[in-house]
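Okay, so here's the structure we're looking at.
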Amino acid sequence: MIENLVIVESPAKAKTIEKFLGKDFHVVSSFGHIRDLAKKNLGIDIEKDFAPVYEVPKEKAKIVSELRKAASEAKTVWIASDEDREGEAIAWHLANVLKLDLATTKRIVFHEITKEAISKAIENPRTIDMNLVNSQQARRILDRLVGFEISPVLWKKVQPSLSAGRVQSVAVRLIVERERDIISFKSESSFRVTGDFTKEAGNTDNGIIKAEASKRFPNEDDAREFLKLCCNTAYMVGGVTVKPGTRSPAPPFTTSTLQQEAFRKLGFSVSQTMAVAQKLYEAGKITYMRTDSTNLSKLALAKSREVIIAEFGEKYSKTRQFKTKTKGAQEAHEAIRPAYPDNTTVGGNNNEKRLYELIWKRTIASQMADAEIEKTTITIDMNNSPVKFSATGEVIKFDGFLKVYMESTDQENGDEERNTIPVVKKGLPLYYNSIAATQRFTIPPPRYTEASLVKKLEELGIGRPSTYAPTISTIQNRGYVLREDRPGEKRQIKILNLENGKIAATAKQEVAGKEKSKLFPQDIGMIVNDFLIENFSDIVDYNFTAEVEEQFDEIAMGDLKWTQMLRNFYGPFHKTIENTLEKKDRKTGTRVLGNHPQTGEPVSVRMGRFGPVAQIGNSDNDNKPRFASLTKNQLLETITLDEALNLFRLPRSLGMHEGEDMVIGVGKFGPYIRYKGKFFSLKKGIDDPYSVTMERALEIISEKNESEKNKIIKDFGEIMVLNGKYGPYLTKDKQNHRLPKGIDAQKLTREECLKIIEKSDKTKKTS
DNA sequence: CAGTGAGCGAGCTTCCGCTTGACTT
């Protein structure tokens with residue numbers, strides 16, 4: 001018989017807590033929720049006042065039966081799920097499923113896992129808060145209603161297997177709207193003038209003042225006129241201002257900020273960050289990684305202070321507690337921090353080490369002193385123009401937290417190089433060394449990365465730390481958006497250079513629109529988004545979540561009945577569903593682009609059964625229409641008539657070679673060459689299917705044949721030893737088999753191969 | 001492994017939040 005059973009949500013947490021509580025306490029974990037709405041059907045009885053139909057999912061059955069057993073053997077059960085809406089619901093479901101008495105079941109909470117916090121919690125048990133539970137039920141049921149009623153409408157009106165939801169549909173909307181901003185963006189250029197100045201004509205030994213003109217010039221002629229003035233003027237220091245300033249460290253990590261910084265500094269995807277953090281958490285190296293709180297425990301504050309003083313000295317320490325500003329934050333956990341701040345590094349694989357180091361630095365920096373900075377601005381006057389040049393330089397007087405950590409920004413331009421500038425006084429004459437007017441183009445708003453999308457969602461109060469990564473996976477799995485790199489396009493920029501009294505025009509190439517790991521909306525995402533905005537504008541409104549959250553809060557306070565809230569929502573919502581099903585047409589994203597220049601047939605694009613398609617002609621004529629799929633980077637929304645017509649140039653023949661036709665086409669896996677019944681892929685980013693020549697095609701074919709040859713190490717007929725991506729392997733009857741370690745593939749005999757295959761077959765069957 | 005784009009219709013798809021494995025390569 002156990003005296004006390006404590007149930008928490010996470011097994012790693014259970015382990016830690018058991019250490020603090022001693023022998024009389026047995027700590028187990030529920031592994032999150034143990035019950036949910038029925039998987040099949042709606043799982044809600046709307047007629048019976050939204051009565052939920054709860055069931056224990058199959059994968060939770062084992063845990064539940066273990067918990068039942070443990071609960072029946074314990075004298076007292078303490079439910080220590082997290083202190084938020086979901087945690088309270090977990091407690092209530094546990095009490096129900098374990099048949100505990102709601103009036104006497106001891107509910108305890110703690111925000112940090114320290115001995116002090118836990119002892120305090122044990123001394124102050126309460127009962128389960130039904131108002132909070134009901135606010136969770138309202139949240140859960142509302143999400144199910146939205147998802148399970150709108151998605152089937154999409155299956156009928158757009159395409160099967162699509163989905164919509166309170167969170168994912170807004171995420172897609174953000175990406176679609178950003179793309180449209182980019183599409184409608186018109187880039188303009190102007191000339192930016194920068195100059196290098198010195199104290200002595202032609203002598204750079206005493207330092208260079210790098211300055212920028214206060215005015216930009218709309219075109220080359222104006223820029224040239226200005227450079228002529230620059231050529232014939234006297235320069236003088238018009239003023240020097242020195243401004244002291246401070247910079248403060250960022251708060252410790254939450255899930256969202258960790259994802260952002262891990263992407264910017266380490267290049268991790270959102271899900272990768274979470275997977276690595278999970279490993280660190282399970283190893284007891286960091287605190288819980290799904291949190292919206294920037295709070296640090298007293299213990300963590302004290303430990304960090306010790307570390308900072310020992311490492312950098314007293315004046316680098318400044319203990320701070322950060323307030324969480326995020327909308328809808330529930331703060332059931334601490335910020336993400338090192339479990340033991342005195343460990344500057346940890347073991348584990350490389351990614352674990354790097355992420356840990358990032359967390360350590362961010363945490364420690366948050367407890368360090370402000371950096372003190374001195375910003376110097378020099379203005380340079382011209383005697384023949386009101387335009388002034390100005391140079392700024394920054395000197396760090398005291399580095400403070402910068403010694404450890406500097407937060408990154410999303411702007412990739414390293415434009416803000418921090419110069420130190422020479423000391424000068426007002427009235428000092430200066431001389432130009434060189435002045436350049438460089439053409440600059442305005443840039444469109446940036447596409448979202450996974451991490452910047454999470455940041456935006458968090459700002460809008462949409463989604464929770466535990467769902468950011470899954471949501472981003474969902475919208476990619478549905479095909480709504482795609483994470484991609486784009487090479488960008490080269491463009492010429494004009495430069496006017498003034499040196500030694502002469503103006504010379506040059507040009508430089510720059511790459512514009514290069515993208516790395518950005519989220520691009522796909523046609524189906526844009527069509528679904530438009531359909532939802534047309535028919536369910538209030539659900540995909542950016543404020544929808546905030547508005548329902550307010551009502552959930554009212555329910556939690558006991559000021560609103562949860563079934564009443566759902567009734568208010570469901571009435572009009574369900575009417576919209578029925579109305580849309582009944583009256584709205586299918587949405588295909590059709591655009592008529594014009595007529596075929598020769599035949600006059602209409603040319604259109606739309607979403608077809610197998611994806612976006614271009615079509616020439618209509619099926620009601622005697623002639624059958626012709627179809628061609630759009631290429632990967634084309635959008636229904638932006639494709640032009642010419643681009644669409646171009647798609648019909650494939651497949652095309654390159655002519656005969658050795659008596660066989662050679663054909664270029666585009667298939668499932670991209671552009672290919674078909675020759676003698678075999679397929680050869682064109683090289684991505686190198687070969688263009690519209691212009692590739694027979695000569696180049698033969699090159700690709702022989703290259704492929706060559707590597708095919710190298711692939712075969714031994715050929716015993718039905719058994720082959722092949723060279724694969726992961727080294728040599730065996731193949732027989734279309735089954736691949738790994739080679740045991742330490743075997744020389746070159747020396748294998750047929751008999752040895754048979755033995756290896758026999759063995760691997762056996763292990764496969766037994767496992 | 002590299003098409004497909006007519007129409008019928010059975011049976012399936014789908015949400016958000018809490019938590020980790022069990023899997024294959």
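The values are calculated or read from the model by the stated rules, or taken from the named source; none is laboratory data. Predicted model only: the values in this text are computed from it and were never measured. So basically every Cβ, Gly included, is an ideal-geometry build from the backbone, and we count neighbours across all protein chains shown. Only protein heavy atoms, including side chains, enter the accessible area calculation; ligands, DNA and RNA are left aside. Shrake-Rupley method; radii C 1.70, N 1.55, O 1.52, S 1.80 Å.
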Counting only residues in segment A:629-657 that are part of a strand (DSSP E or B) and crowded, with 17+ Cβ neighbours inside 10 Å, the one modelled with the lowest pLDDT is identified as A:654
Residue pairs qualifying under the 6 Å Cβ cut-off, at least six apart or on distinct chains, with the first in segment A:8-26 being in the same structural domain as residue A:74 (by TED's automatic domain parsing) and the second being away from DNA strand B (no atom under 16 Å from the Cβ) and open to solvent by 60 Å² or more (accessible area, probe 1.4 Å), are A:20/A:115; A:24/A:3
Checked A:352, A:372 against criteria (more than 30 Å from residue A:522 (Cα to Cα) and open to solvent by less than 70 Å² (accessible area, probe 1.4 Å)); the one match is A:352
**Prompt:** Looking at this structure, is residue A:23 open to solvent by 60 Å² or more (accessible area, probe 1.4 Å) and at pLDDT 95 or above?
**Reply:** no
### Query
Just wondering, is there one or more residues in segment A:479-499 that are surrounded by 14 or more Cβ atoms within 10 Å (Cβ to Cβ), within 16 Å of DNA strand B (Cβ to nearest atom) and assigned to a helix (DSSP H, G or I)?
no
Notebook entry, point to check: Can we say residue A:558 is modelled with pLDDT of 95 or more and farther than 30 Å from residue A:131 by Cα?
Noted result: no
- Does residue A:660 count as more than 13 Å from DNA strand B (Cβ to nearest atom) and open to solvent by 50 Å² or more (accessible area, probe 1.4 Å)? yes
The condition of being basic (Lys, Arg), open to solvent by less than 60 Å² (accessible area, probe 1.4 Å) and under 29 Å from residue A:631 (Cβ atoms) holds, among A:518, A:514, only for A:518
Of (1) under 38 Å from the mean Cα position of the chain (by Cα); (2) open to solvent by 70 Å² or more (accessible area, probe 1.4 Å), residue A:755 satisfies every one except (1)
Residue A:709: under 37 Å from the mean Cα position of the chain (by Cα) and either outside any helix (DSSP H, G or I) or under 30 Å from residue A:746 (Cβ atoms) (or both), yes or no? no
Taking segment A:295-338 and keeping residues within 16 Å of DNA strand B (Cβ to nearest atom) and among the polar types (S, T, N, Q) leaves A:295, A:324, A:326, A:330
Restricting attention to segment A:35-51, the residues that are open to solvent by 30 Å² or more (accessible area, probe 1.4 Å) and touching a Leu at 6+ places or on another chain (Cβ under 8 Å) number exactly 1
Open item on the list: Criterion first (surrounded by fewer than 16 Cβ atoms within 10 Å (Cβ to Cβ) and at pLDDT 70 or above) does residue A:728 satisfy it?
Closed with: no
Q.
Is it the case, given these coordinates, that residue A:49 is in a loop (DSSP other than H, G, I, E, B), charged (D, E, K, R) and under 33 Å from the mean Cα position of the chain (by Cα)?
A. no
Flagged in segment A:734-748 as open to solvent by 60 Å² or more (accessible area, probe 1.4 Å) and either more than 16 Å from DNA strand B (Cβ to nearest atom) or modelled with pLDDT of 70 or more (or both), in numbering order, are A:736, A:738, A:740, A:741, A:742, A:743, A:744, A:746, A:747
Fill in: Residue match in segment A:236-249 (condition: over 30 Å from residue A:403 (Cα atoms), modelled with pLDDT of 95 or more and either of a type in the set (Phe, Trp, Tyr) or open to solvent by 50 Å² or more (accessible area, probe 1.4 Å) (or both))
yes
With criteria (1) within 16 Å of DNA strand B (Cβ to nearest atom); (2) without any contact (Cβ under 8 Å) to a residue 24 or more places away in the chain; (3) farther than 17 Å from residue A:472 by Cβ, residue A:280 comes up short on (2)
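Which of the residues spanning segment A:237-293 are small (Gly, Ala, Ser) and in a loop (DSSP other than H, G, I, E, B)?
Scanning segment A:237-293 gives A:248, A:250, A:267, A:269, A:283, A:284, A:293.
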Residue A:534 meets each of (1) within 20 Å of residue A:146 (Cβ to Cβ); (2) of a type outside the set (S, T, N, Q); (3) surrounded by 13 or more Cβ atoms within 10 Å (Cβ to Cβ) with one exception, condition (3)
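Only residues that are in contact with a Lys or Arg (Cβ under 6 Å, 6 or more places away or on another chain) and surrounded by fewer than 20 Cβ atoms within 10 Å (Cβ to Cβ): list them for segment A:452-468, please.
Correct list: A:461, A:466.
Yes/no per residue for (1) under 19 Å from residue A:522 (Cα atoms); (2) open to solvent by 40 Å² or more (accessible area, probe 1.4 Å); (3) within 15 Å of DNA strand B (Cβ to nearest atom); (4) at pLDDT 95 or above:
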residue: A:585; (1), (2), (3), (4): no, yes, yes, no
residue: A:599; (1), (2), (3), (4): no, yes, no, no
residue: A:606; (1), (2), (3), (4): yes, yes, yes, yes
residue: A:611; (1), (2), (3), (4): yes, no, yes, no
residue: A:619; (1), (2), (3), (4): no, yes, yes, no
residue: A:622; (1), (2), (3), (4): no, yes, yes, no
residue: A:627; (1), (2), (3), (4): no, yes, yes, no
message = Criterion first (in contact (Cβ under 8 Å) with a residue 60 or more places away in the chain, open to solvent by 50 Å² or more (accessible area, probe 1.4 Å) and out of contact with any Gly (no Cβ under 7 Å at 6 or more places or on another chain)) does residue A:575 satisfy it?
response = no
Inside segment A:300-327, the number of residues satisfying the requirement of being assigned to a helix (DSSP H, G or I) and open to solvent by 100 Å² or more (accessible area, probe 1.4 Å) is 4
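Checking the condition more than 8 Å from DNA strand B (Cβ to nearest atom) and modelled with pLDDT of 95 or more, which residue from A:57, A:11 passes?
Only one candidate passes the filter, namely A:57.
Would you be able to say whether some residue in segment A:684-696 is part of a helix (DSSP H, G or I), surrounded by 14 or more Cβ atoms within 10 Å (Cβ to Cβ), modelled with pLDDT of 75 or more and in contact with a Leu (Cβ under 8 Å, 6 or more places away or on another chain)?
Of segment A:684-696, the ones part of a helix (DSSP H, G or I) are A:694-696.
Checking which are surrounded by 14 or more Cβ atoms within 10 Å (Cβ to Cβ) leaves us with A:694, A:696.
Next cut, modelled with pLDDT of 75 or more only: A:694, A:696.
Add one more test, that the residue is in contact with a Leu (Cβ under 8 Å, 6 or more places away or on another chain), and what stays is A:694.
Checked against the condition, which is being part of a helix (DSSP H, G or I), surrounded by 14 or more Cβ atoms within 10 Å (Cβ to Cβ), modelled with pLDDT of 75 or more and in contact with a Leu (Cβ under 8 Å, 6 or more places away or on another chain), segment A:684-696 yields at least one hit.
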Those residues of segment A:665-680 that are part of a strand (DSSP E or B) and near DNA strand B (Cβ under 6 Å from one of its atoms) come to a total of 5
